[in-house]
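Below is one structure; the comments refer to it alone.
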Amino acid sequence: MTETAAALVERLTAIVPDFPKPGILFRDVTPVFSDPVAFGRVCEALAAPFAVGAGFQAVAGIEARGFALAGGIAAQHQVGVLTVRKAGKLPGEVLSEQYALEYGEAELELRPGQLPQGTRVLVVDDVLATGGTAAATTTLLERAGYEAIGFASLLELDGLSGRERLEPRLPVTTLGRVPA
Ligand SMILES: O=P(O)(O)OC[C@H]1O[C@H](OP(=O)(O)OP(=O)(O)O)[C@H](O)[C@@H]1O
Ligand SMILES: Nc1ncnc2[nH]cnc12
């Protein structure tokens, strides 16, 4: 029987205790990326709920593991990628948003003016934890004049309220739910 995207994520994700800080149970999804069957299948599953109706016209990938997923989805749907980067990596004019993480503070940046105003953008990342990263990305996309139409990730961490934080702003799809 064909293994579902959700089953592949569950089977292939590695659990790394005390990374990057003591007390954090890190979910390493990179084996999902390196498996040739799993990668294409999870990209299809992440985008499927958002490919109906008006659909999406671009995919925003969040540094770093969101880049791989955004590239896979964009190639499957023949749309382009927006790279949402950690502070200090992008040249020229940038929009910046600071946010809090499960394990620290961070800042994300986006170059404005890359796509037409009103472009419908799907936001993707590997893990939804507190939702701070995804919320900051949604704010950046809106400040750039785009419409964030949904958020998709491989995993969401229970008990950190990421979904509750995001859903008032945009629909959320994840392929699995695991303890934080
Ligand atoms: O929902 P949140 O609490 O905001 O956490 C989720 C984010 O945390 C991880 O990235 P991290 O910031 O560790 O960066 P990395 O991808 O460069 O490792 C993960 O890849 C998400 O982007
Ligand atoms: N526990 C975790 N594992 C992987 N990525 C994360 N991002 C935030 N918390 C995480």
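Which residue, of Thr139, Thr173, is away from ligand 2 (no atom under 16 Å from the Cβ), of a type in the set (S, T, N, Q) and part of a strand (DSSP E or B)?
Result of the check over Thr139, Thr173: Thr173.
Please enumerate the residues belonging to the stretch 89-130 that are small (Gly, Ala, Ser) and out of contact with any Asp or Glu (no Cβ under 8 Å at 6 or more places or on another chain).
Gly92, Ala100, Gly104, Ala106
Could you pull out the residue among Arg85, Arg65 that is more than 16 Å from ligand 2 (Cβ to nearest atom) and either among the basic types (Lys, Arg) or modelled with pLDDT under 95 (or both)?
Within the list Arg85, Arg65, the selection yields Arg85.
Return the only residue of Glu93, Glu156 being touching a Lys or Arg at 6+ places or on another chain (Cβ under 8 Å), more than 20 Å from Phe56 (Cα to Cα) and surrounded by fewer than 17 Cβ atoms within 10 Å (Cβ to Cβ).
Result of the check over Glu93, Glu156: Glu93.
Are any of the residues in the stretch 11-20 among the hydroxyl-bearing types (Ser, Thr, Tyr) and out of contact with any helix residue (DSSP H, G or I) (no Cβ under 7 Å at 6 or more places or on another chain)?
No, the conditions are met nowhere in the stretch 11-20.
When the stretch 142-170 is examined, which residues are found to be in a loop (DSSP other than H, G, I, E, B) and polar (S, T, N, Q)?
Within the stretch 142-170, Ser161 is the sole residue that qualifies.
Hey, could you check the stretch 1-53 for residues that are of a type in the set (Val, Ile, Thr) and touching a residue at least 40 places away in the same chain (Cβ under 8 Å) and say which is most open to solvent (accessible area, probe 1.4 Å)?
It comes out as Thr4.
Being open to solvent by 10 Å² or more (accessible area, probe 1.4 Å) and without any contact (Cβ under 8 Å) to a residue 12 or more places away in the chain narrows it down to one residue among Pro171, Pro112, Pro116, Pro179; which is it?
The match here is Pro116.
The values are calculated or read from the model by the stated rules, or taken from the named source; none is laboratory data. None of these values were measured; they are calculated from a predicted model. Because the Cβ atoms are built from the backbone with ideal geometry, glycine has one as well, and the counts that use them run over all protein chains shown. To get the accessible areas, we keep the full protein, side chains included, count just its heavy atoms, and leave off ligands, DNA and RNA. Shrake-Rupley method; radii C 1.70, N 1.55, O 1.52, S 1.80 Å.
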